[in-house]
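Colleague: Have a look at this one before I ask anything.
The values are calculated or read from the model by the stated rules, or taken from the named source; none is laboratory data. This is a predicted model, so every value here is computed, not measured. All Cβ positions, even for glycine, are placed from backbone atoms using ideal geometry, and neighbour counts span all protein chains on display. Please note that ligands, DNA and RNA were not included when accessible areas were found on the heavy atoms of the full protein model with its side chains. Shrake-Rupley method; radii C 1.70, N 1.55, O 1.52, S 1.80 Å.
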Amino acid sequence: MRTEAAQRVELVFSLFDANADGVVESDDFDLMTDRVLEAAVASDDDAKAAIRDAFRRYWTTLATELDADDDGVITVAEFRPFVLDPERFGPTVTEFAEALSVLGDPDGDGLIERPLFVSLMRAIGFEEANIHALFDAFDPDADDRITVATWAAGIEDYYAPHLAGIPGDCLVAIPAA
């Protein structure tokens, strides 16, 4: 695994631990889902259901694949070596990427405006400066929008252990002042 991917793993674990108790559990995913849905006020019921299902599947996949001692929680030690395994998590990441990026396009025009992107990413727990750096790395158009496809691909790239120098690395880097 590349250093950049290892840094992304550490950040993902801290975000998934939404209640900050040191482990990832089902309640963390419920909390994160609620936060994201609060930010997605303009999205339709289908998009909201899709992200809820994607978060639920994400937890189920993590629990099934990583909870080595069947205690209902995932420790960072259980999480680190396996989460960026495309064989185990690829379909789950794809479902999540598609659901989140569509949630960012409530008017269905295929474009995501910066303010909603920022709101959704803050709801997940990313730092605002890093979110803006990521959005800029996606090369927004003159109206400050990116495509749904760009964001979905960026999410999938974030979970790829062999990639470095990707826009998603902006989420773990300390942005320049």
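Colleague: Of the listed values (1) 16.4, 55; (2) 15.4, 51; (3) 24.9, 108, identify the label whose number matches Rg and Dmax of the Cα atoms in Å calculated from this model.
Modeller: Correct label is (2).
Colleague: What is the diffusion coefficient of segment 1-91 in µm²/s, taking the Kirkwood radius over Cα pairs and the Stokes-Einstein relation at 10 °C with a viscosity of 1.306 mPa s?
Modeller: Answer from the Stokes-Einstein relation: 114 µm²/s.
Colleague: Could I ask something else about it? Express in Å², to the nearest 10, the accessible area of Leu15 obtained by rolling a 1.4 Å probe over the protein heavy atoms while all chains stay in place.
Modeller: 20 Å²
Colleague: Could you size up the charge dipole of the chain around its Cα centre, putting +1 on the beta carbon of Lys and Arg and -1 on that of Asp and Glu, and report it in debye to the nearest 20? Don't skip to the answer; put the middle values down first.
Modeller: Numbers: 12 positive and 38 negative charges, 68 e Å.
I would put it at about 320 debye.
Colleague: Looking at Ala129, Pro161, Ala142, which one has the Cα that reaches farthest to the positive end of the dipole of segment 61-176 (charges on Cβ: Lys, Arg +1; Asp, Glu -1)?
Modeller: Toward the positive end, the furthest listed residue is Ala129.
Colleague: Something else about it: Please identify which residues in segment 121-155 have an amide N closer than 16 Å to a label point set 7 Å out from the Cα of Glu65, following the Cα→Cβ vector.
Modeller: 155, by backbone N distance to the label point.
Colleague: Ok, one more. Please calculate the 1.4 Å probe accessible area of His132, with all protein chains present, and give it to the nearest 10 Å².
Modeller: Probe radius 1.4 Å; accessible area of His132 about 60 Å².
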